[in-house]
Every structure is written in structure tokens, then in C-alpha cells.
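Colleague: First, the structure itself, so that you have it in front of you.
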Amino acid sequence: MSSIYEEFSNIPESSMNEIKELTKGMDQSSRKKVLKRVSEEYEKAKINPGEAIGIITAESFGEPGTQMILRVFHFAGVAEMSLTLGLTRLIELFDARKSPSTPLTKIYLKHGYKTDVDKVKAIAASIKETKLKDISDEFSFNLTQFRIEVLLNKKEMKELKITETHVVNVLKESLKDLDVKDDNGTLRIKPKEKDSLSGLYKLKEKLKYAAIKGVKGVEQVTPVKQENEYIIYCTTDNLKDIFKVEGVDETKTTTNNPFVIADLLGIEAARKIIIDEAVEVIKNQGLDIDIRHIMFLADVMTNTGVIKGITRTGITSEKESVLARASFETPIKHIVNASLIGEVDNLNSVIENVMLNQPVPLGTGLPDLVATMKEDAVKGKKK
Amino acid sequence: MVEHTLIPEHKKLNEEDSEKILKKFNISRKQLPKIKANDPAILKFEPKKGDIIEIIRESPTTGKSLFYRVVA
């Protein structure tokens with residue numbers, strides 16, 4: 001039964017499953033006929049060697065891109081969260097900017113957490129970064145004792161489940177050389193070494209923004225109900241620290257920054273997130289670009305094992321030919337550098353051959369003539 | 001080990017299979033796409049330079065699809 005499918009191993013899995021479904025109840029010989037036809041058609045539908053797929057991809061993105069341009073600065077997404085959408089986001093993604101302008105992490109929760117509203121709220125609260133100024137009412141100087149006094153807001157602290165001793169311990173750890181004491185809701189902070197007055201003032205500013213609790217950089221946290229479970233959206237790409245939070249499902253939680261994904265989960269995961277993000281943007285705009293183009297772009301971007309953008313510092317710098325690199329951006333820089341180190345251009349690619357008015361190795365220009373001469377013919381010629 | 005829905009299955013090919021793949025596509029190792037030796041998804045194989053990694057992707061168009069990367 002299975003052997004007849006193995007014969008047509010060139011048919012991709014998804015099409016094969018479809019055929020299996022459609023040919024139910026057919027006898028063996030007619031099923032084989034179907035498979036043969038599909039196999040032939042599949043071979044015909046394949047892209048030919050030498051086809052200029054890069055330019056097809058560029059055109060496929062270019063045309064819908066002109067429609068996108070009119071609706072760039074839209075703010076949408078979940079709850080009050082703003083998200084960069086449209087062409088801006090697409091450019092950001094394909095240029096491989098180190099950090100997105102609106103980082104976003106989508107946190108999935110583990111079993112036992114994801115349906116419990118109270119637990120979800122507790123996790124959301126524990127993720128949000130709390131600074132000292134968020135839980136205190138007043139910062140004041142006591143100049144006679146040369147110290148800073150911080151009046152803590154007990155009500156706020158109770159809500160966030162923070163104790164005074166926790167605050168003291170965290171401050172002692174994060175800011176060295178400090179003498180921190182808690183006196184019934186008032187922190188008395190004194191630098192161990194006697195400092196100038198302006199030093200004390202700088203310390204006060206530092207204290208205001210000292211992190212007490214939560215994940216670094218998380219400003220906004222929004223739990224959202226999706227189908228039967230809760231998902232938490234938060235404005236950060238600090239996935240590493242989010243993974244450490246209890247209750248977070250680290251096998252599903254993702255962020256929209258491919259670089260963070262590449263660091264934590266590898267280049268294949270980064271490729272996947274580039275595709276997912278691009279598809280999301282395009283779908284959001286009500287446009288339709290075949291996913292194969294996006295997959296191709298993501299493949300090119302991750303070809304070297306690290307993410308390279310479609311820029312002059314990214315994939316273009318990987319090109320072998322000097323003239324090809326020079327034709328994109330900053331030509332003088334490339335040509336001068338190449339002449340300094342004596343680079344050789346083998347004219348293997350398209351653009352350098354266009355420059356030199358030669359046939360390009362594309363389509364019908366690709367194949368070279370290879371002939372095996374018959375021995376007698378060679379001998380005959382020599383005579 | 002790192003596990004995530006975004007990471008497809010990675011497999012390290014043995015010497016014999018590696019040669020088969022190179023022969024099948026008629027290419028040298030240098031021409032394959034690369035993967036870093038310290039890539040989190042392949043750390044468990046203790047990869048060495050030149051190893052070929054087979055990646056079994058779940059493609060939205062073809063279902064299961066095979067991809068190869070060489071450790072660089």
C-alpha cells in the first residue's frame with residue numbers, strides 16, 4: 001500500500017495527503033495514474049534553474065507596497081497598546097534593525113495558570129517593572145545627617161505585594177556603597193563614603209529609577225483573553241528574563257524581535273519569526289503576497305547563520321563580486337577598497353555582466369555548451 | 001535543552017549521509033547555508049565545523065520540507 005506512494009517521492013507531503021484523501025475508494029491502477037499526473041505537473045510547476053526569482057520577489061513586494069504607503073502610521077493592536085504597522089514595520093523587519101520601534105512580547109502561560117484570572121493578574125503584576133518612585137510618596141534630603149529619606153507608600157506596596165525588607169535588600173544589592181535602613185515606612189539612605197552635595201543629589205535621581213521588582217524594561221502589561229486562555233502582551237523584547245518568570249510557557253512565548261529569538265532559540269526560529277511577522281503585517285493591511293516570496297526573503301536573510309538585513313551592510317556586503325556591491329550603494333568606497341587589496345571579479349553574476357555589456361547568466365544565458373566529441377571525429381580532424 | 005514551537009527539528013547527519021546530500025545537490029560544503037556552531041538549537045549535538053545539519057521544517061506550502069545547513 002505504502003510502496004505506491006514511495007514511488008512518487010517528489011510530490012510534497014501536503015499534496016500527497018490531499019491525493020490520499022481524494023483517491024479514497026479508487027483502485028490501485030487509477031490511483032497510480034493520478035499520482036503520475038500530479039508528479040508530472042509538479043515537476044512542470046517547479047521554478048526552472050536560472051529563473052530570476054529575486055526580481056520576481058522584489059516586484060511582488062513592490063506593487064502592494066505602494067498601497068501600503070498611504071496607511072503607514074496606524075495605531076492598532078490589542079487594548080491601548082500601540083504597534084508599528086504597515087510599510088514602516090516591513091522595512092524595519094527586512095532591514096534587520098537591531099530592535100523594533102515597538103517591541104512586543106506575547107506571553108503564553110502554562111497549564112494551571114492560563115485559565116485562572118487571579119493567577120494571570122498576579123503574573124502580569126510581577127512582570128511589570130516597578131521603580132522606587134512608583135512605591136514612594138516623597139524623596140527628601142536630611143542635610144544634618146547627610147542622607148536621603150524616602151517615604152514609602154504602604155498602600156501601593158501592599159497592592160504590589162512588596163515588603164519593606166525586600167526593598168531594602170534590593171537597594172543594597174543594586175546600588176553598592178549604600179547604607180540603607182528602614183524606619184517604619186521611611187527609608188534612610190546614606191552613602192558609606194561622605195560625598196559632596198551634588199553627589200547626594202545625583203544619588204537621589206538614581207534612587208528614583210532603581211528597579212524594585214519585575215522584568216527590566218517592561219512598561220505596559222496587558223492580559224487578553226483569547227479563546228479559552230489568557231495571553232499577556234507586554235511592551236518589551238527582553239525574552240530572556242520573561243522566560244524566568246514562574247508560570248510562563250517558555251515553549252510558546254514569542255517576541256517580535258528576530259535578533260532576540262536568534263540568540264535564544266537559534267537561526268531557524270528567527271527565520272520563522274521573520275516570516276510570521278511579515279505575513280502578519282501584510283495580512284493586517286488587507287494585502288496578499290504569496291508566502292513563498294516571504295519565505296525566500298527570510299531564507300536569504302538567515303543564509304549566513306546570522307540575521308542580515310537587505311541593506312548595504314547586510315546581504316549586499318556578502319556578495320562576491322566587487323562590481324555587484326558597488327552597483328547597490330556607496331560605489332566609490334567599494335571600488336577603492338577592492339583596488340587597494342587587489343580583489344578579483346570573476347563576473348559570475350548578473351549586474352557586473354550588465355555593466356560590461358555581456359550576456360547575463362540568467363534564464364537562457366545560464367547554460368554553457370558542453371559537448372562530448374566522438375573519438376573518431378577528433379582523430380579525423382587531426383588528420 | 002531548548003524547546004520551542006518556533007524551532008523545527010534539527011538532526012546532525014553522519015558522514016555517509018552528508019556525502020549523499022552533497023552528491024544529490026552536486027555542491028560542496030561551502031555552498032550550503034550556514035549555521036553557527038553555538039546556535040542554541042544544535043548545541044546538544046556538540047557540532048564541529050563542517051558538520052551538516054538536517055532541518056525538518058513544517059512549511060505552510062509543502063508540509064514537511066527538508067533543509068540543510070553546514071556548521072560554520
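The values are calculated or read from the model by the stated rules, or taken from the named source; none is laboratory data. Here the structure is a predicted model, which means the values were calculated and not measured. Ideal geometry is used to build each Cβ from the backbone, glycine not excepted, and the neighbour counts take in all protein chains shown. Calculation scope for accessible area: heavy atoms of the full protein, side chains included, ligands and nucleic acids excluded. Shrake-Rupley method; radii C 1.70, N 1.55, O 1.52, S 1.80 Å.
Colleague: So in the range B:37-61, with the set limited to residues that are facing chain A (nearest Cβ under 8 Å) and open to solvent by 30 Å² or more (accessible area, probe 1.4 Å), which one is nearest to B:Glu9 (Cα to Cα)?
Modeller: Filtering first and then ranking leaves B:Pro60.
Colleague: Does A:Lys114 satisfy being in a loop (DSSP other than H, G, I, E, B) and either at pLDDT below 85 or acidic (Asp, Glu) (or both)?
Modeller: In short, yes.
Colleague: Now a separate question. I'd like the residue in the range B:1-12 that is at pLDDT 90 or above and open to solvent by 20 Å² or more (accessible area, probe 1.4 Å) and, out of all such residues, is nearest to A:Ala270 (Cα to Cα).
Modeller: Ranking the qualifying residues of the range B:1-12, first place goes to B:Ile7.
Colleague: Name the residue, out of A:Ser39, A:Ser30, that is in a helix (DSSP H, G or I) and surrounded by 15 or more Cβ atoms within 10 Å (Cβ to Cβ).
Modeller: Testing whether each residue is in a helix (DSSP H, G or I) and surrounded by 15 or more Cβ atoms within 10 Å (Cβ to Cβ) leaves just A:Ser39.
Colleague: Which of the residues spanning the range A:272-308 are of a type outside the set (Asp, Glu), touching a Ser or Thr at 6+ places or on another chain (Cβ under 9 Å) and part of a loop (DSSP other than H, G, I, E, B)?
Modeller: A:Ile289, A:Lys308
Colleague: If you take the residues of the range A:186-240 that are among the aromatic types (Phe, Trp, Tyr) and part of a strand (DSSP E or B), which of them is surrounded by the most Cβ atoms within 10 Å (Cβ to Cβ)?
Modeller: A:Tyr230
Colleague: Which condition breaks for A:Arg312 when tested against (1) touching an Asp or Glu at 6+ places or on another chain (Cβ under 9 Å); (2) open to solvent by 50 Å² or more (accessible area, probe 1.4 Å); (3) assigned to a helix (DSSP H, G or I)?
Modeller: With (1) touching an Asp or Glu at 6+ places or on another chain (Cβ under 9 Å); (2) open to solvent by 50 Å² or more (accessible area, probe 1.4 Å); (3) assigned to a helix (DSSP H, G or I) applied to A:Arg312, the lone miss is (3).
Colleague: Given the structure, is A:Glu250 surrounded by 21 or more Cβ atoms within 10 Å (Cβ to Cβ) and at the interface with chain B (Cβ under 10 Å from one of its Cβ atoms)?
Modeller: Considered against the rule, which asks whether it is surrounded by 21 or more Cβ atoms within 10 Å (Cβ to Cβ) and at the interface with chain B (Cβ under 10 Å from one of its Cβ atoms), A:Glu250 comes out as no.
Colleague: Looking at A:Glu318, A:Glu343, can you tell me which residue is closer than 30 Å to B:Leu66 by Cα and either open to solvent by 50 Å² or more (accessible area, probe 1.4 Å) or out of contact with any helix residue (DSSP H, G or I) (no Cβ under 9 Å at 6 or more places or on another chain) (or both)?
Modeller: Of the residues listed, the single one that is closer than 30 Å to B:Leu66 by Cα and either open to solvent by 50 Å² or more (accessible area, probe 1.4 Å) or out of contact with any helix residue (DSSP H, G or I) (no Cβ under 9 Å at 6 or more places or on another chain) (or both) is A:Glu318.
Colleague: Please tell me if B:Lys24 is of a type in the set (Lys, Arg), touching a strand residue (DSSP E or B) at 6+ places or on another chain (Cβ under 7 Å) and more than 8 Å from chain A (Cβ to nearest Cβ).
Modeller: No.
Colleague: Listed residues B:Lys64, B:Lys34; which is basic (Lys, Arg) and surrounded by fewer than 15 Cβ atoms within 10 Å (Cβ to Cβ)?
Modeller: The match here is B:Lys64.
Colleague: Looking at (1) open to solvent by less than 40 Å² (accessible area, probe 1.4 Å); (2) modelled with pLDDT under 90; (3) under 30 Å from B:Lys36 (Cα atoms), which is the only condition A:Leu265 fails?
Modeller: Failed condition: (2).
Colleague: Still on this model: Keeping to the range A:125-160, report how many residues are under 13 Å from A:Lys204 (Cβ atoms), more than 43 Å from the chain's Cα centre (by Cα) and open to solvent by 50 Å² or more (accessible area, probe 1.4 Å).
Modeller: Qualifying residue count, the range A:125-160: 2.
Colleague: For A:Lys240, are the conditions met, namely being under 25 Å from A:Arg89 (Cα atoms) and free of Cβ contacts under 8 Å to residues at least 24 places away in the same chain?
Modeller: Answer is no for this residue.
Colleague: Moving to a separate point now. Return a yes/no flag: does the range A:237-249 have any residue that is in contact with an Asp or Glu (Cβ under 8 Å, 6 or more places away or on another chain) and aromatic (Phe, Trp, Tyr).
Modeller: yes
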